[in-house]
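Asker: Structure incoming, see below.
The values are calculated or read from the model by the stated rules, or taken from the named source; none is laboratory data. This is a predicted model, so every value here is computed, not measured. When we count neighbours, we look across all protein chains shown, and the Cβ atoms used for this are built from the backbone with ideal geometry, even at glycine. Accessible surface is based on the protein model in full, side chains and every heavy atom, while ligands, DNA and RNA are left aside. Shrake-Rupley method; radii C 1.70, N 1.55, O 1.52, S 1.80 Å.
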Amino acid sequence: MKALEYGLMGYAETMVVESNLARTMKSGSLDVFATPAMCALMEEAACNCICDSLDCSQSSVGTVLNVCHDRATAVGRKIKASAKLVKVDGHKLIFEVSAEDMYGPIGWGTHERFIIDIERFMNRLR
């Protein structure tokens, strides 16, 4: 594993489409970007932040996500999520995460991930 440095940034983007609407994901009844989709995009940004620092035998798993989804986004708009690594405590990583559309911020919060050895982790599930 390469050294993980504070301030590393990761990003992820998506368009608001049928598959990530609140109505489709059953997190509401409206045709707007779903909170679970925003959470997944924030996690993707955090994974992208550290992917170049992990060995091929390593991955990370999300353990805590504490976010606010402050504003709705309509179908057809682009969403961009960002993750900034703000704390490294052994294998525990803490990120500040946010998401925005063309009009500004739509959500923000913190996310915690743990670096794991893939084989060891999967063997525990068997």
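Asker: Give a residue-ordered list of calculated ³J(HN,Hα) values for segment 90-102 (Karplus: 6.51 cos²θ - 1.76 cosθ + 1.60, θ = phi - 60°; whole Hz; x for Gly, Pro).
Answerer: With the stated coefficients, segment 90-102 comes to x, 8, 8, 10, 10, 10, 8, 10, 8, 9, 8, 10, 5 Hz.
Asker: Treating only the Cβ of Lys, Arg, Asp and Glu as charged (+1, +1, -1, -1), what charge dipole size does the chain show about its Cα centre? Round to the nearest 20 debye. Don't skip to the answer; put the middle values down first.
Answerer: Numbers: 14 positive and 16 negative charges, 52 e Å.
Magnitude of the dipole: close to 240 debye.
Asker: If you don't mind, another one. Through the Karplus equation 6.51 cos²θ - 1.76 cosθ + 1.60, θ set to phi - 60°, convert the phi angles of segment 34-45 into ³J(HN,Hα) values in whole Hz; use x for Gly and Pro.
Answerer: Result, ordered by residue: 7, 4, x, 5, 5, 4, 4, 5, 5, 5, 4, 4 Hz.
Asker: Could you sort the peptides 12-19, 104-111, 89-96, 31-38 by per-residue average Cβ neighbour count (10 Å cutoff), highest mean leading?
Answerer: Going from most to least packed, we get 31-38, 104-111, 89-96, 12-19.
Asker: Here's another thing I want to ask about it. Work the Kirkwood hydrodynamic radius out for the chain: mean of 1/r over every pair of different alpha-carbon atoms, inverted, in Å.
Answerer: Details: mean 1/r = 0.0659 Å⁻¹.
By the Kirkwood definition, the hydrodynamic radius is 15.2 Å.
Asker: Of the lysine pairs in the chain, how many meet both conditions: Cα atoms under 19 Å apart, and a spacing of 8 or more in sequence or different chains?
Answerer: Working: 2/84; 2/87; 2/92; 84/92.
Taking the chain as the scope, the lysine pair count is 4.
Asker: Spelling out what I want: for every residue of segment 67-81, take phi, set θ = phi - 60°, compute 6.51 cos²θ - 1.76 cosθ + 1.60 (Karplus), and round to whole Hz; glycine and proline get x.
Answerer: Values per residue, Gly and Pro as x: 9, 10, 10, 8, 8, 6, 10, 7, 4, x, 8, 8, 10, 10, 10 Hz.
Asker: Enter the Cα centre distance for the pair segment 1-31 and segment 92-120, rounded to the nearest angstrom.
Answerer: First find each Cα centre; the distance between them is then 9 Å.
Asker: Out of the total accessible area of the chain (probe 1.4 Å, heavy atoms of protein only), what percent is carbon and sulfur? Intermediate values should be presented prior to the final figure.
Answerer: Working: 3910 of 7310 Å².
Heavy-atom surface of the chain belonging to carbon and sulfur, 1.4 Å probe: 54 percent.
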